[in-house]
Amino acid sequence: MRIPFLVAIALAIAFGGGIASSIWALKATAGFGSISIGPWVAFPQAQTAAADPYAKAHRARAGELLFGSAEGLMFSAATDDSGARLSAACSYDISGITPPARFWTLYAATADGVTLRPGPDLPSAINSWAVLRARDSSFVIHASPVAKPDNWLAIRHSGSFRLVLTLLDTPTAGSSGLIDLAMPKIVKTGCGNA
């Protein structure tokens, strides 16, 4: 009776450890082949047939439909331009221009990728059709827990968050020149009620 019990415990530890390490590996990375432009990171190969096994497993676990290589590209940023983690208690300016795209969206998400919903009457996302621009087509979006004039992205959350910029119908997605792209800057403008 003792031997079967020890075998059962060994199998439980082996299977449990294997499952736990697999889940940890999937949470640790979205795959290989990332492109980093400042704080913005994208995985252009994640949605193609040439994706690595980690990217395929991550996609299957998340249950998300990703864009084809010619349809779009999703960038995310968990830090500002100085390298500090984005905190929901602080305000940030996302400024500049995006790479060429027919349409783009910007929203905030938790570290796990769940979209932040600040409230029914608060702006939880901004897109290229609704953003107010300067004469040179640049823009400034204020991501903040307190209301700001012009382009405001409401952040009502505790802890850290990340910004997700999705470019749709863009030549950037199929381009090999991703490193030369100009992405919006993310600059902290204050914390608390500042």
Practice item. Mind counting the residues in the stretch 122-151 that are in contact with a strand residue (DSSP E or B) (Cβ under 6 Å, 6 or more places away or on another chain) and of a type in the set (D, E, K, R)? Key: 2
Exercise for review: Please identify the pairs in which a residue from the stretch 141-155 that is on the phi > 0 side of the Ramachandran plot has its Cβ atom under 8 Å from the Cβ atom of a residue that is outside any loop (DSSP other than H, G, I, E, B), counting only partners at least 6 apart or on another chain.
Suggested key: 150/140; 150/142
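Collect the residues in the stretch 111-133 that are among the hydrophobic types (A, V, I, L, M, F, W, C) and closer than 18 Å to residue 101 by Cα, keeping them in residue-number order.
Step one: list which residues in the stretch 111-133 are among the hydrophobic types (A, V, I, L, M, F, W, C), which gives 111, 114, 116, 122, 125-126, 129-132.
Listed by number, the residues that qualify are 125, 126, 129, 130, 131, 132.
Out of the residues in the stretch 169-190 that are hydrophobic (A, V, I, L, M, F, W, C) and modelled with pLDDT under 85, which is surrounded by the fewest Cβ atoms within 10 Å (Cβ to Cβ)? Show your work before the answer.
Residues of the stretch 169-190 that are hydrophobic (A, V, I, L, M, F, W, C), as a first pass: 173, 178-179, 181-183, 186-187.
Still in the list and also modelled with pLDDT under 85: 173, 178-179, 181-182.
On the way: 173: 22, 178: 17, 179: 9, 181: 20, 182: 11.
My answer is 179.
Have a look at 146, 140 and point out the one that is buried (at least 18 other Cβ atoms within 10 Å of the Cβ) and either more than 19 Å from residue 160 (Cβ to Cβ) or hydrophobic (A, V, I, L, M, F, W, C) (or both). Break it down stepwise before answering.
On the way: 146 fails: buried (at least 18 other Cβ atoms within 10 Å of the Cβ).
The conditions single out 140.
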Practice item. Could you tell me which residue of the stretch 98-116 is surrounded by the fewest Cβ atoms within 10 Å (Cβ to Cβ), considering only residues that are small (Gly, Ala, Ser) and modelled with pLDDT of 90 or more? Key: 109
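Filter the stretch 117-137 down to the residues that are loosely packed, with under 12 Cβ neighbours inside 10 Å and hydrophobic (A, V, I, L, M, F, W, C), then identify the one that is farthest from residue 189 (Cα to Cα).
Within the stretch 117-137, the subset loosely packed, with under 12 Cβ neighbours inside 10 Å is 119-121, 129-130, 132, 134-137.
Now restrict to residues that are hydrophobic (A, V, I, L, M, F, W, C): 129-130, 132, 134.
Values: 129: 25, 130: 23, 132: 19, 134: 20 Å.
So the residue we want is 129.
Just name the residue that is farthest from residue 86 (Cα to Cα) out of those in the stretch 2-47 that are β-branched (Val, Ile, Thr), part of a helix (DSSP H, G or I) and at pLDDT 70 or above.
Narrowing the stretch 2-47 to residues β-branched (Val, Ile, Thr): 3, 7, 9, 13, 19, 23, 29, 35, 37, 41.
Still in the running and part of a helix (DSSP H, G or I): 3, 7, 9, 13, 19, 23.
From the residues that got through so far, the ones that are at pLDDT 70 or above too are 3, 7, 9, 13, 19.
Numbers: 3: 53, 7: 47, 9: 43, 13: 37, 19: 31 Å.
Within the stretch 2-47, the match that is farthest from residue 86 (Cα to Cα) is 3.
The values are calculated or read from the model by the stated rules, or taken from the named source; none is laboratory data. It should be emphasised that the depicted structure is a prediction, and the values quoted were computed from it without experimental measurement. Don't worry about glycine lacking a Cβ; one is built from the backbone with ideal geometry, like all the others, and counts go over all protein chains shown.
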